[in-house]
Amino acid sequence: MAEQESQQMLQMMKDFLRLVYTPATAAAEPAADTAVIINEFICSRVPEAAIPAFYLFSKLLPGIIPRNAFDDLIKGYEMDLSFSVVGDEGNESAAAAAAAGMPNGRQRDSRQSIMEQSPIKTEYDLVIYADRVAGSVADMICHLAWAILDPEGGQGTNGNAERIKTLAMARQMGQALQFVNIARDIRTDALLRRLYIPLTMFTDREQDLEALFNKPETLVGKDYARYTLPLLGIANTLRTMSAGDIENLPRTARAGTRAMVASYFEIGKEIERRGGALDSERLKVSRWRRLGAVLRCFWGWDQDGVSRGSINTSS
Ligand SMILES: CC(C)=CCC/C(C)=C/CC/C(C)=C/CC/C(C)=C/COP(=O)(O)OP(=O)(O)O
């Protein structure tokens with residue numbers, strides 16, 4: 001999708017959220033004319049294939065999931081979009097450089113623009129990004145679980161201290177998963193001229209960016225370890241800090257959540273088993289390893305090899 005088209009799509013989503021989250025439309029029984037306004041919006045501005053999803057969203061979600069989770073997700077997409085500006089410039093300069101047979105000056109420009117325009121300069125920026133694109137999804141999952149699976153709990157946090165903490169920890173788990181995702185995709189993201197590694201993590205910034213973006217063929221698998229292993233280290237820490245709070249989700253949501261987390265973390269474990277190396281292909285974990293991780297969760301052994309003894313089934 002072209003950058004301008006993506007911007008239009010984001011604007012449409014922002015307008016949609018504003019519309020469906022106004023107090024009048026988010027009410028349990030919205031007035032008939034608000035339903036008409038929403039229908040008109042959906043028919044006139046939403047791409048055809050997405051109409052059923054937007055319609056269902058407007059009917060079901062505003063009373064269950066607070067708007068801030070969706071706002072965060074949009075902010076995350078906006079950060080991603082700022083890469084496409086960098087990417088376009090970078091591709092143009094690389095192509096122009098190759099055509100003109102003058103790689104150095106042009107490539108320096110493209111490295112410079114990647115550094116300047118990347119929205120992720122520090123580890124903190126990366127945590128913010130991960131929180132927006134994945135912490136927000138964890139937030140949504142908690143609200144859905146409370147609304148649908150908690151027999152007596154009611155919706156939202158309702159100022160309940162335990163739920164507020166669970167929500168914060170769930171967002172942390174989302175961030176952890178996103179760090180794994182970023183570690184796995186360093187190579188493929190660089191080919192798309194996207195840089196999620198915080199600039200502060202480079203020991204020799206110029207040289208590292210030159211290799212990642214302009215000479216990927218000079219990097220062999222284990223050369224990526226100096227980026228993948230620290231990112232996975234952060235992911236593991238975030239996971240260790242938040243995993244226990246899965247026990248505070250409604251009982252029927254726990255096993256599935258643990259399984260989802262363990263299965264995704266198998267990607268990180270596989271990279272660690274390979275000493276931090278990335279191949280030219282996007283890494284895939286065998287179905288058996290993922291299944292093993294899921295079964296160990298159901299058996300009552302979490303992925304850090306710590307037995308929780310018998311599974312706590314109280315709600
Ligand atoms: C700790 C507590 C209380 C709860 C946990 C709450 C949960 C389930 C958190 C996880 C939320 C979640 C599913 C986040 C998204 C994670 C993520 C990195 C998805 C990307 O998946 P891929 O399909 O690999 O992505 P791409 O292929 O698009 O790169």
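Here, each number is a calculation from the coordinates, and none is a lab measurement. Since the structure is predicted, the reported quantities are computational estimates derived from the model, not experimental observations. When we count neighbours, we look across all protein chains shown, and the Cβ atoms used for this are built from the backbone with ideal geometry, even at glycine.
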Normalised Cα Rg of region 215-307, dividing by 2.2 N^0.38 Å with N its residue count, works out at 1.22
Full extension between Tyr55 and Gln8 adds, at 0.36 nm per residue less the Cα distance, a length in nm of 15.0 nm
Per DSSP, the loop-located GluC sites (Glu not before Pro) within region 248-286 having at most 15 other beta carbons within 10 Å are Glu281
Measuring from its Cα centre, region 166-237 shows a charge dipole (+1 at each Lys and Arg Cβ, -1 at each Asp and Glu Cβ) which, in debye to the nearest 20, is 240
Unit-weight point scatterers at every alpha-carbon of region 149-237, Debye formula, q = 0.14, 0.23, 0.25 1/Å: log10 I(q)/I(0) is -0.60, -1.13, -1.27
Here the net charge surrounding Thr203, from other residues whose Cβ is less than 14 Å away from its Cβ (Lys, Arg +1; Asp, Glu -1), is -3
So, over other residues within a Cβ distance under 14 Å of Phe16, counting Lys, Arg +1 and Asp, Glu -1, the net charge is +2
Answer in debye to the nearest 20: the dipole magnitude of region 237-285 about its Cα centre, from +1 Lys/Arg and -1 Asp/Glu charges placed on Cβ, is 120
For the table Lys121/Lys215; Lys14/Lys269; Lys165/Lys284; Lys75/Lys284; Lys14/Lys59; Lys75/Lys269, the rows whose alpha-carbon distance is greater than 26 Å are Lys14/Lys269; Lys165/Lys284; Lys75/Lys284; Lys75/Lys269
Computed for region 111-254: size of charge dipole around the Cα centre, +1 on C-beta of each Lys and Arg, -1 on C-beta of each Asp and Glu, debye to nearest 20, value 180
